[in-house]
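The values are calculated or read from the model by the stated rules, or taken from the named source; none is laboratory data. Please read these numbers as outputs of a predicted model, since none were measured by experiment. We place every Cβ from the backbone using ideal geometry, glycine too, and count neighbours over all the protein chains shown. Just so you know, the surface numbers come from the protein's heavy atoms only, side chains and all, with ligands and any DNA or RNA stripped out. Shrake-Rupley method; radii C 1.70, N 1.55, O 1.52, S 1.80 Å.
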Amino acid sequence: MAQTWLITGTSTGFGQELATLLAQKTDVNLVATARNTDKLAYLDQYDHGQILKLELDVTDSQQIKEVIQTTLSKFGRIDVLDNNAGLGYFSTFEEADEATVQYMFDVNFWGSVHLTQAVLPVMRQQKSGVIIGISSDAGLIGEAALSFYSGTKFALEGVFESLAQEVQEDNIKVMLVEPSSFRTDWAGRSSQKKETAFLDDYQVTNAAIQNYSDSAGNEAGNPQAAAQVIYEQVISNTEHLPLHLPLGEMSVTRAQKKFAGLARKFAQLSDLAISTDYSKEE
Ligand SMILES: NC(=O)c1ccc[n+]([C@@H]2O[C@H](COP(=O)([O-])OP(=O)(O)OC[C@H]3O[C@@H](n4cnc5c(N)ncnc54)[C@H](OP(=O)(O)O)[C@@H]3O)[C@@H](O)[C@H]2O)c1
């Protein structure tokens, strides 16, 4: 039986690469969604009735409902949901524009949450499914210039890690993908920053923002290779799907450093932490 994959944000980047890969598989029905479906013409050469191109802005709850209904009418099931759509925002924490931050949460966090909540009844009825959250290494590690972007991804990590435990009994798997810097449109057109410089006091943050701008288009990560790894994990490793999937060398080394340091620190603080519990007799 063909597997039905639903992906958000397939106009460029990771979403486009995964959609291109899936469109060429004989046993996949693909629901490629985008805010503007004109940007999905790249899929036409592969389409022999197994591809649905649907308009979806993940902040629009009516469109979410319609996409799910149309998918079920055409393919009857949803096996894999890839919450990929997302954007960034470079700023100091102090000077961040709240409306911009809230919109980023609407897309990166609430968009993934609402779509997943809408797909879960389908997967529970099927007693199977895979939910992917395209998080980031910034969802594990805080970093100057990306405070609120990190906030959206930490939030996603928290809810999806908990969700994974809740849906286990219905044979639904959750995978958080944590890429480091990849060559997509993310650091360019998909990440806002204000025109004028940030406060002079924030030298480190200003340098980090400049560095992101300078390296846009030359990131180490290859999104085509990332799409292949995501696909293979879902297809070949379904039973043991990793809850956390780092992609890119930096995502592994940075996370290993953080968590090894945290483990060491917690070992040092363990007696102190335990001293705040009631004694066993109380
Ligand atoms: N590239 C990296 O270095 C990197 C690293 C870690 C995580 N990520 C994450 O990877 C995901 C994909 O980003 P990317 O790197 O592939 O960047 P990208 O090339 O800029 O792609 C972002 C996609 O999200 C879509 N999008 C933005 N707002 C949307 C909305 N309201 N509704 C629906 N779609 C929306 C964009 O559509 P439009 O064409 O309409 O703008 C585009 O298709 C994001 O969640 C990002 O945070 C990226």
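Round to the nearest 10 and report in Å² the accessible area of I230, as given by a 1.4 Å probe over the protein chains' heavy atoms.
We get 10 Å² for I230.
So for the stretch 3-250, if I pair up every lysine 8 or more residues apart or on another chain, how many of those pairs have alpha-carbons under 19 Å apart?
Lysine pairs meeting both conditions in the stretch 3-250 amount to 9.
Average projected area of the Cα convex hull of the chain, in nm²?
Spelled out: convex hull of the Cα atoms, projected over all directions, averaged, 18.2 nm².
If you roll a 1.4 Å probe over the heavy atoms of the protein chains, what accessible area per residue do you get for the chain, in Å²?
Per residue, the chain has 52 Å² of solvent-accessible surface.
By how many degrees, between 0 and 90 and to the nearest 10, does the Cα long axis of helix 13-23 differ from the longest principal axis of the chain?
Rounded to the nearest ten degrees, it is 30.
Relative to the longest principal axis of the chain, what angle (0 to 90°, nearest 10) does the C-alpha long axis of helix 223-236 take?
For 223-236 against the chain, the angle is about 70 degrees.
Using a 1.4 Å probe and ignoring any ligands, DNA or RNA, find the accessible area of F75 and quote it in Å² to the nearest 10.
About 40 Å², ignoring ligands and nucleic acids.
Heavy atoms only, probe 1.4 Å: what % of the accessible area of the chain goes to carbon and sulfur, would you let me know?
Looking at the chain in its full context, I get 50 percent from C and S.
Is the stretch 217-282 rounded, prolate or oblate when judged by the Cα gyration tensor, a ≥ b ≥ c being the square roots of its eigenvalues, rounded requiring a/c under 1.5 and prolate requiring a/b larger than b/c?
Oblate is the answer for the stretch 217-282, as a/c is 1.5 or above yet b/c matches or exceeds a/b.
With labels modelled as points extended 7 Å from the Cα through the Cβ direction, what inter-label distance (nm, one decimal) is found for D201 paired with E98?
In this crude spin-label approximation the distance works out to 2.0 nm.
For the residue pair R35 and E281, what label-to-label distance in nm results when each label sits 7 Å from Cα along the Cα-to-beta-carbon direction?
With each label point 7 Å from Cα toward Cβ, the separation is 6.4 nm.
For the chain, what does -39500 (n - 2.57) per DSSP helix run (n ≥ 4), summed and divided by total residues, give at 222 nm, in deg cm²/dmol to the nearest 500? List each step's numbers first, then the result.
Working: 8 runs with 122 residues, N = 282.
The helix contribution divided over the chain gives -14000 deg cm²/dmol.
Let me check against my output: what whole-number percent is the relative contact order of the stretch 127-282, with C-alpha pairs under 8 Å and at least 6 apart?
It rounds to 28 percent for the stretch 127-282.
Using a 1.4 angstrom probe with every protein chain in place, what is the largest-first accessible-area order of E143, E281, E98?
On the way: E143 55, E281 160, E98 125 Å².
Putting E143, E281, E98 in descending order of accessible area: E281, E98, E143.
Pairs of alpha-carbon atoms within less than 8 angstrom and 6+ residues apart define the contacts here; what relative contact order does the chain have, in percent?
On the way: 456 pairs, mean separation 50.7, N = 282.
Relative contact order of the chain: 18 percent.
Can you compute the charge dipole magnitude of the stretch 3-250 about its Cα centre, using +1 on each Lys and Arg Cβ and -1 on each Asp and Glu Cβ, nothing else charged? Give it in debye, rounded to the nearest 20.
840
Between the stretch 42-91 and the stretch 119-185, what's the alpha-carbon centroid distance in Å?
Each part's Cα centre sits 17 Å from the other's.
Which residues' amide hydrogens lie under 5 Å from the amide hydrogen of L52, considering only partners 5 or more residues apart or on another chain, with H built in the peptide plane?
Here L30, V31, A32 satisfy the definition.
Any idea how far apart E66 and K257 come out in nm if each label point goes 7 Å out from Cα toward Cβ?
4.7
Would you list which aspartates and glutamates come within 17 Å of K258, measuring only between C-alpha atoms, while excluding same-chain residues fewer than 8 positions from it?
Those aspartates and glutamates meeting the cut-off are D137, E143, E157, E178, E249.
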